[in-house]
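Nothing in this text is a laboratory measurement; each read-out follows from the coordinates by a stated rule. Here the structure is a predicted model, which is why all the values come from computation and not from measurement. Because the Cβ atoms are built from the backbone with ideal geometry, glycine has one as well, and the counts that use them run over all protein chains shown.
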Amino acid sequence: MLPSPARIELSTSGLSGSPAPVGASGKRNTYGQILKSSALIGGSSVVNIAMGIVRTKVMAMLLGPAGVGLMGIYGSIADLARTVAGMGINSSGVRQIAEAVGTGDSARIARTATTLRQVALFLGLLGACLLAALCLPISQISFGDNHHAGAVAALSLVVLFSSISGGQLALLQGMRRIGDLARASVWSGVWGTLCSILIVCLFARAGDARRGIVPSLVCVAVMGIVVSWWYSRRMQIDKVLMSWGEVSAEARDLLKLGFVFMATGFMAMGVAYLVRIIVLRTMGEDAAGFYQSAWTLGGLYVGFILTAMGADFFPRLTAVAHDNPQCNRLVNEQAEVGLLLAGPGVLGTLTFAPLVIQLFYSARFGPAVEILRWICLGMVLRVASWPMSYAVLAKGARQVAFWTEVAANLMQVGLVWVCVLGFGLKGTGIAFFGGYVFYWFLMYAIVRRMSGFRWSAANKEIGVLYGVMIGVVFVAWYWLPRWALVVSGTGLALLAGIYSLKKLCALVPLERLPWPVQRIVVFLRLVSPGDDV
């Protein structure tokens, strides 16, 4: 459950790497940084969401629930393999490069960047070879037979290409080039979507669309490495010649923290893999497809918030990790903005869950609706808890991060097993929500002990208000007619959106907001001049 810092850029003309002052103007500047990075990443996420709508709709029509479930399992295998192969160096590399950038030492930056690229290539090759060698037992464990061994072996290309592109994107993020990282996300998503759809369509015309799943995943990885290379080559980094001994010494620093990232990431991917296998073995391929669709849509809206959080927030937090008051302030501010952005969207998703499922997939995916609604509850807690988990990562507390992840994932696996047996397919969503309830309390206790952290009064107010609103809309599903639910849910989502907009405008000067938001604020001031918007 611990996040791997997401990859996105901060151009030198964008967000500053220096911490903001603690005063009122400094706080406004920090909120402005958060919103600016969220806008950059959010803009790229909007494009990716649009691509996701097209991709999921076409895949659902061509593959059906069973095919979507199969794609989810292949994706989980690839994720597990590249997580282990990567040894966490992409995430630890962000931290190492951010520290080097903070010193202003160009030679140190060059050494770290060179090491990151070489180690990413080596580990990608190693991981690809291991996955190809173990394709038979992995196919047996995942599907109960060896018929998928060839497809699993082909996923080794995904591991190789993803490792290399991950190293290039980590370099962009560590250098805080958020703009280039956002552009890379957009173009890799666009080209990956177009090529993957074309491949599946070609196999569908040949008579078996499912055979195009693995080639489509490989194609997405190819687009990722091409686009990440295009943007990473534009960075001005000194050339440096390093001996094998120097590379090994630099690599040790990457791998020490990287091992924790790898272990925690492996556990998180392992849980996702186990959930899919449990659903597949107990309820069949269609049920695995329903779960996969709900899982994909559940994280769609909050994805840009979490991505922006990792892209800019993690490097900034690393710079002040040893200053507890500054660290706590940044965590509270990030959580506040995250909740304000997430609340209205979650309310809207809860209200229109059946329409969302039908829009992205088809009416055949109706059983995914209730899973999606439970996952939405967990996503709110995910947004609230991740800033605290980044504080642990920024401080370099390797053992704390590792054992926290062990506890959280053991709880998640236990909840999945119990809830699936007790509630059936919707138990997967209930387990996700229950896992993040546990995770939020665990992270709060750990960060409070480490740095004296406490939630701010503003976060308590937002948490209570949105918690009540979300709870009302969630429970109303079981008590109100559908038309009444839509009316009440839409009204609450609109009220939450206005509340969030007013709060955000109070935190950031009007002139620093994007021009469409400025027009909305001016309109609100005209219709409600008594409010401080």
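Compute the label zone of ASP145 within region 72-90: residues whose backbone N is under 20 Å from the point 7 Å along Cα-to-Cβ. The answer is 72-75, 77, whose backbone nitrogens lie closer than 20 Å to the label point. The simple Förster model, with R0 at 41 Å and r as the Cβ-Cβ distance, assigns LEU410 and LEU465 a FRET efficiency of 0.80.
Remark on ARG177: its backbone amide H falls under 5 Å from those of LEU10, a criterion applied only to residues 5 or more positions apart or on other chains, H modelled at 1.01 Å from N.
Highest mean packing comes first when the peptides 469-482, 55-68 are listed by Cβ atoms within 10 Å, giving 55-68, 469-482.
With each label modelled as a point 7 angstrom along the Cα→C-beta vector, the LEU125-SER362 pair spans 4.5 nm.
Label zone (TRP229, point 7 Å along Cα-to-C-beta; backbone nitrogen cut-off 13 Å) within region 174-198: none. When ILE73, ILE498 are sorted by how many other C-beta atoms sit within 10 angstrom of their C-beta, beginning with the fewest, the order is ILE498, ILE73. In terms of surrounding Cβ atoms within a 10 Å radius of their Cβ, PHE433, PHE259 rank from fewest to most as PHE259, PHE433.
Between the amide H of PHE453 and those of ARG448, distances stay under 5 Å, these residues lying 5 or more places away or on another chain, with hydrogens modeled in the peptide plane. Sorted ascending by nearby beta carbons within 10 Å, beginning with the fewest, ARG177, ARG329, ARG210 become ARG210, ARG329, ARG177. At an R0 of 60 angstrom, the distance between the Cβ atoms of PHE423 and SER106 translates into a FRET efficiency of 0.60.
Checking the table LYS57/LYS426; LYS460/LYS502; LYS395/LYS502 against a 28 Å threshold on Cα-Cα, which pairs fail? In this structure, LYS395/LYS502 lie more than 28 Å apart at Cα. Let me know the shape class of region 257-406, please: from the alpha-carbon gyration tensor, a ≥ b ≥ c as square roots of the eigenvalues, rounded when a/c is under 1.5, otherwise prolate if a/b is greater than b/c, or oblate. Oblate is the answer for region 257-406, as a/c is 1.5 or above yet b/c matches or exceeds a/b. What the phi angles of region 112-129 give under the Karplus curve with 6.51, -1.76 and 1.60, with θ = phi - 60°, is a coupling list of 5, 5, 4, 4, 4, 5, 5, 5, 4, 5, 4, 5, x, 5, 4, x, 5, 5 Hz, glycine and proline written as x. Residue-wise HN-Hα couplings along region 166-173, as the Karplus relation 6.51 cos²θ - 1.76 cosθ + 1.60 with θ = phi - 60° gives them from phi, are x, x, 5, 6, 5, 5, 4, 5 Hz; Gly and Pro carry x.
Remark: region 363-437 carries a charge dipole of roughly 120 debye about the Cα centre, counting +1 on each Lys and Arg Cβ and -1 on each Asp and Glu Cβ. Of the peptides 350-363, 451-464, 179-192, the order by per-residue mean of other Cβ atoms within 10 Å, starting with the highest, comes out as 179-192, 350-363, 451-464.
Its Cα gyration tensor gives region 111-176 an equivalent ellipsoid; the semi-axes, largest first and in whole Å, are 31, 11, 7. Couplings 3J(HN,Hα) for region 282-292, derived from phi with the Karplus relation 6.51 cos²θ - 1.76 cosθ + 1.60 (θ = phi - 60°), are 8, 10, x, 5, 4, 4, 4, x, 4, 5, 4 Hz, where x marks Gly and Pro.
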